[in-house]
C-alpha cells in the first residue's frame with residue numbers, strides 16, 4: 001500500500017480529520033491532472049476502440065460525469081481530435097461544488113464526503129481553454145444530477161448516441177442517476193468507463209458495481225463485456241446488443 005493510502009486509512013477513523021486532510025492534499029496539488037493515474041490512458045484507449053468497432057468517424061458523442069479539474073475531459077477532446085472524430089460532441093456534467101451529500105450505502109467506509117473534489121466551473125473552463133479546447137465544441141452542464149438530468153435536458157442538448165462514457169462520480173447514487181439518464185443513449189458498441197469500480201472494496205452491492213448491475217437488469221437487451229482494468233480503481237466495458245428470443 002502506498003504512503004498516501006496508509007495515511008488515508010488512518011485518517012478515515014476520524015472523519016473530521018479525513019475531510020481536513022483531503023482538502024489540504026488537494027489544495028497542495030493544484031496542477032491540471034487527473035486524480036486517477038490510469039484514467040487518461042483508459043479514455044484514449046476507449047476512443048481508439050470505439051473508432052475500430054464503428055470503422056469510421058461517427059462513433060457517437062462523449063459523456064463525462066464528474067469532471068473535477070477537467071483533465072480527462074481534455075484528454076477525451078484530444079483523443080477524438082487525433083483520431084479525426086470531427087462529428088463527436090462533448091458533454092461534461094458536474095456540480096462544480098464537489099460531491100453531493102453522502103447518504104445510505106455511499107457512507108460505507110467513510111471514503112467520500114459532501115463537497116469533496118470541488119472545482120469551480122470558471123477554473124475548469126480556464127484550464128480547458130488554456131490547453132487548446134474549443135469551448136464552442138463542448139457543453140458543460142452544471143448542477144447536481146438529481147436536479148439536472150431529465151428528459152428535457154436530453155432534448156435541449158440535443159443528446160446523441162453515446163460513443164464513449166466516463167463515469168467518474170464516485171458514488172452509487174450519482175452513478176445510478178447518470179446511468180438512468182443515459183438509458184437509450186448507451187447502445188451496441190458504446191464504451192463505458194467506470195473510474196471508481198473498486199472504490200468500495202466491500203463488494204458488488206456498493207458503489208458503481210451496484211449501479212451497473214441494476215442498470216443491466218433494467219436493460220436486458222444489453223450485455224456489458226469487460227475490456228480492461230486500470231489504476232487505481234477503474235474498469236472499462238463495451239455494451240453489446242443481445243439477441244433476445
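Values in this text are rule-based calculations from the coordinates and carry no lab data. Worth saying up front: this structure is predicted, and the values here are computed from it rather than measured. When we count neighbours, we look across all protein chains shown, and the Cβ atoms used for this are built from the backbone with ideal geometry, even at glycine.
Annotations for the structure displayed:
- Between helix 15-27 and the chain: long-axis angle, C-alpha atoms, 0 to 90°, nearest 10: 60
- Helix axis angle, 71-82 relative to the chain longest principal axis, alpha carbon, degrees: 20
- Angle in degrees between helix 39-54 and the longest Cα principal axis of the chain, rounded to the nearest 10: 10
- Note on residue 225 and residue 97: with the Förster distance fixed at 45 Å, the Cβ-Cβ geometry gives a FRET efficiency of about 0.80.
- Most fluctuating residue given options 160, 70, 234, as computed from a GNM of the chain linking Cα atoms under 10 Å: 160
- Comparing 83, 49, 67 in a Gaussian network model of the chain where C-alpha atoms under 10 Å apart are linked, the largest mean-square fluctuation is found at 83.
- Just checking the listed ones, 176, 217, 199: in the Gaussian network model of the chain with Cα springs under 10 Å, the one fluctuating most is 217.
- Ranked by how many other Cβ atoms sit within 10 Å of their own Cβ, fewest first, the residues 75, 59 fall in the order 75, 59.
- Rounded to whole Å, sorted largest first: equivalent-ellipsoid semi-axes of the chain, Cα gyration tensor: 28, 22, 17
- Based on Cα contacts under 8 Å between residues 6+ apart, the chain shows a relative contact order of 20 percent.
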